[in-house]
Structure formats: structure tokens, C-alpha cells
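Trainee: Take this structure first; my questions come after.
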Amino acid sequence: MHSLVAKTKKDVDQSYLDRGCIIGRRTGLDVRVSPNSLDRALMIMDTLIKSLEAKGAQVSIIKEDYKNATCVNIFGMTLAIDMYEKINIVKKGQDQHGFNRYDYIPNGDLVLRIKDAPYGARSEWKDGQRKKLEACIDNFISGLFLAAEQQKTNRLKREQEHREWEEKERKAEEEQKVRQQEQALIDMLEKEAMGWHKSKIIRSYIEAATDAYIQRNGKIEPGSEFDKWKIWASQKVGTLDPLTMGTKKE
């Protein structure tokens, strides 16, 4: 008996019933069957695990929150599997509040399931009238390998799509950066042109003010208020003109 099966059999708690079925403790395989079906279920799991390992797959029990998951690793992909027993739901009548009451009776039909089978892949193999689950193990294993291959293909596709998305985002960021740089150059050009235009107007005004002052006073006395103003205004207009500030590249 495989060690995982032996551990499950040892740890199973037959006093813990859930809708007529027993389940393993938190250390066992993900098996949910009635006491009458337990030995058969464990034999199927034993054959299944040994067959999987013979084909290079790895089977393990992984803790998930308050319960365990039985996981099969194939091609580097991990698929969760379980086994459960089908139940018949039988109406018992009504309780004192008028609500329907039901019995959940295990019917002996077992199901092997790939819990996280990819979309479109087969996920369940079960007892039938002509074929029992024991005869479906090889088919279930083939389904697992196909599901793992599809899962790997899906993962590679998602990774490729993610790389393409990242490349698209990178190009969009580069284009945005180029647009921002271009806009910054345009803004600077407009600023320099406005500065040059203002400087021309101010220089024209200084010349006109100088002509008017000389017409009124004959000449400009060095150190006079107008002379000081003209020197100051000429200096300030130079800070507006990009052509005199050395900002215009030749």
C-alpha cells in the first residue's frame, strides 16, 4: 500500500460523518466516501497513485486552509484531484416549522475528479452500469496528462500575452515620453519667441523714450535719473531676449 494511502487509512475518522460520508483527517488524501466504500476507494487511490508515479508524475498532499488537497504534478503543472461518493437525496417530510427534511444516502457510486481541470477538459470519471471506476484509472491518468498539457499551454499563452502587454505598455510609455519632450521643446520655443518679441517692443520703447527726452532736454546728463533708468531698462530687456542670453543654439 502506498504511504499516502496508508496514512489516510490510519488517520480516517469514521465517526465524522458529513451527509453520510466519512472523510480523512487533515493529514489524509482528499477522499470523501461512506464507511462501506472506504476500502474500495483506498484501493483505487493506491492503484492510481502508483500508476501515476510509474509515469513520472508526483503525488502529494498540500494543506489548504482547514483541509488538504491531493495534488498531482505533471510537466511542472499541479492539478488537484479528489474522490467522492455520490449520494441520493431522499425527502423525509417536513419539520415543525414547515421546512422540508432530507436524508443524504450514499449510493456506492464513486467519482474521480480533476478539481481544477482547464476549461473544456474532461473533469470527472465515475462508476457506470457497464464499467466501474477501477477500469477507468488509465483513462483518468490520460485525462490528467492532457489537462496538465493544456494547463501548461494556457500558462505559456498567458505569459506570452503578458509579455506582449508589457511591450505594448513600454512602447506607449516611450511614445508618451517623446510627446512630452516634443511638447516641452514647443513650449520653450514659444516662451523664447514671446521673450524675443517683448524685448523688441521694450527696446523700441527705450529708443522712443530716449528720443523724446533729448527733444525736451537737449541731452542726457550722465548720472541723471533718466540715464539711470535707461541703463536699468537696457539691462532688464537683455534678460528677456533669448538671443542675448545665450539660450538660442547656433
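The values are calculated or read from the model by the stated rules, or taken from the named source; none is laboratory data. What you see is a predicted model; the values in this text were computed from it and never measured. Methodologically, a virtual Cβ is constructed for each residue, glycine included, from the backbone with ideal geometry; neighbour enumeration extends over all protein chains shown.
Trainee: Under 9 Å between Cβ atoms, which residue pairs at least 6 apart in sequence (or on different chains) link something in segment 76-105 that is free of Cβ contacts under 8 Å to residues at least 40 places away in the same chain and surrounded by 15 or more Cβ atoms within 10 Å (Cβ to Cβ) with a partner that is in a strand (DSSP E or B) and among the aliphatic types (A, V, I, L, M)?
Mentor: Filtered contacts from segment 76-105: T78/I62; T78/V72.
Trainee: Follow-up. Regarding segment 211-232, can at least one residue be identified that is aromatic (F, W, Y) and in contact (Cβ under 8 Å) with a residue 24 or more places away in the chain?
Mentor: No; the residues of segment 211-232 include none that is aromatic (F, W, Y) and in contact (Cβ under 8 Å) with a residue 24 or more places away in the chain.
Trainee: Here is a list: D30, D39. Which entry is closer than 21 Å to A135 by Cα and loosely packed, with under 13 Cβ neighbours inside 10 Å?
Mentor: On the way: D30 fails: loosely packed, with under 13 Cβ neighbours inside 10 Å.
Within the list D30, D39, the selection yields D39.
Trainee: Next question, about the same structure. What do you reckon, is Y213 assigned to a helix (DSSP H, G or I) and farther than 23 Å from T244 by Cβ?
Mentor: Numbers: assigned to a helix (DSSP H, G or I): yes; farther than 23 Å from T244 by Cβ: yes.
So Y213 fits the description; yes.
Each row is one residue, and each column tells you yes or no for (1) at pLDDT 85 or above; (2) over 17 Å from L110 (Cα atoms).
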| residue | (1), (2) |
| --- | --- |
| M1 | yes, yes |
| G24 | no, no |
| V31 | yes, no |
| D46 | yes, no |
| I74 | yes, yes |
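Trainee: Now for a different question. Looking for whichever is at pLDDT below 90, out of contact with any Lys or Arg (no Cβ under 7 Å at 6 or more places or on another chain) and part of a helix (DSSP H, G or I) here; the options are T239, T247. Which one fits?
Mentor: Going through T239, T247 in turn, the sole match is T239.
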